[in-house]
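Here, each number is a calculation from the coordinates, and none is a lab measurement. Since the model is a prediction, treat every value here as computed from it, not as a measurement. Positions of Cβ are backbone-derived with ideal geometry, glycine not excepted, and every protein chain shown enters the neighbour counts.
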Amino acid sequence: MSARLFVAITPPQEVVAHLDTFLEPRRDAAPDVRWSRPDQWHLTLAFLPSVNDRAYERLDERLDEIASQTEQFDLTLRGGGAFPDVTEARVLWIDVDDVLEDLPPLAKRVRGAANASGTAVQGGSFNPHLTVARLAPPHDAIRWVRVLDTYAGPTWTVDELHLVESHLGQGPGGRARHVVRETYPVAA
């Protein structure tokens, strides 16, 4: 069996609630924007489109080791942006303030663990963000990015990583359904 997985950091409920409160009045003003569900907000460290059972076992061991060797660190969601750019935006996102720059080396270690486990990592270079909406068709999102740029959320301490299984089209409204398969505590 092969599964679509990703390794992620999930903000705690109070951080999710803060961002949700900020976005709530904006959702009604944008019927053409497909907003992400708050219960699925996460920061993806690595997307793994096809993980077989043998690779899963090795990946699980390596992720546990990485988490146990990683010290807890603080993050803040602040500001925003659009992919691929603001004039032809397909995705709106909230930026991640990573003062000590802990995320890039962690993502590199996670991606290396996936590769060493025999699992391909999909996607380009690591760009920490939290996706809040998708636009179809792509359009100019300068006004949205200006609004998102005003956001500043509470700081939180990252204390665990998640290995999440993604079931495309099986969630509410035909969206993805995410199931946390493993949780890896980060060293205190």
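Taking other C-beta atoms within 10 Å as the exposure proxy, 183, 44 rank 183, 44 from fewest upward. Here each label is just a point 7 Å from Cα along the line to Cβ, and for residue 179 and residue 26 those points are 3.3 nm apart. Couplings for the range 97-105, taken from phi via the Karplus curve 6.51 cos²θ - 1.76 cosθ + 1.60 with θ = phi - 60°, read 8, 10, 3, 8, 6, 7, 5, x, x Hz in order; Gly and Pro are left as x.
For residue 68 and residue 13, what does the FRET efficiency come to when R0 = 22 Å and r is the distance between their Cβ atoms, rounded to the nearest 0.05?
On the way: r = 24 Å, r/R0 = 1.11.
After rounding, the FRET efficiency stands at 0.35.
Here the simple spin-label model places points 7 Å from the Cα toward Cβ, and for residue 97 and residue 61 these points are separated by 4.1 nm.
Semi-axis lengths, largest first, of the ellipsoid equivalent to the range 2-185 are 28, 19, 15 Å, with √(5λ) applied to each eigenvalue of the Cα gyration tensor.
From the helices alone, meaning DSSP H stretches of at least four residues, give me the mean residue ellipticity at 222 nm for the chain, per-run term -39500 (n - 2.57), in deg cm²/dmol to the nearest 500. Don't skip to the end; give the middle numbers.
Working: 4 runs with 53 residues, N = 188.
Only helices count here, giving -9000 deg cm²/dmol.
Would you look at the GNM of the chain, springs on alpha carbons closer than 10 Å, and say which of 34, 26, 62 moves the most? For the chain, modelled as a Gaussian network with Cα springs under 10 Å, the answer is 26.
Just need the relative contact order of the chain here, percent rounded to a whole number, with Cα pairs under 8 Å and 6+ apart.
Values: 376 pairs, mean separation 61.4, N = 188.
Once normalised by length, the contact order is 33 percent.
In the chain, a dipole from Cβ-located charges (positive for Lys and Arg, negative for Asp and Glu) runs towards its positive end, and of 186, 158, 81 it is 81 whose Cα lies farthest in that direction. Largest GNM mean-square fluctuation among 118, 81, 153, using the chain with Cα springs under 10 Å: 118.
Extension gain, residue 152 to residue 78: 0.36 nm times the residue separation minus the Cα-Cα distance gives 26.2 nm.
In plain terms, the chain from residue 53 to residue 115 could stretch by 20.9 nm, reckoned as 0.36 nm per residue minus the Cα-Cα distance.
Could you compute the FRET efficiency for residue 34 and residue 188, with r as their C-beta to C-beta distance and R0 at 30 Å, rounded to 0.05? Working shown, then result.
Details: r = 38 Å, r/R0 = 1.28.
Plugging the Cβ-Cβ distance into 1/(1 + (r/R0)^6) gives 0.20.
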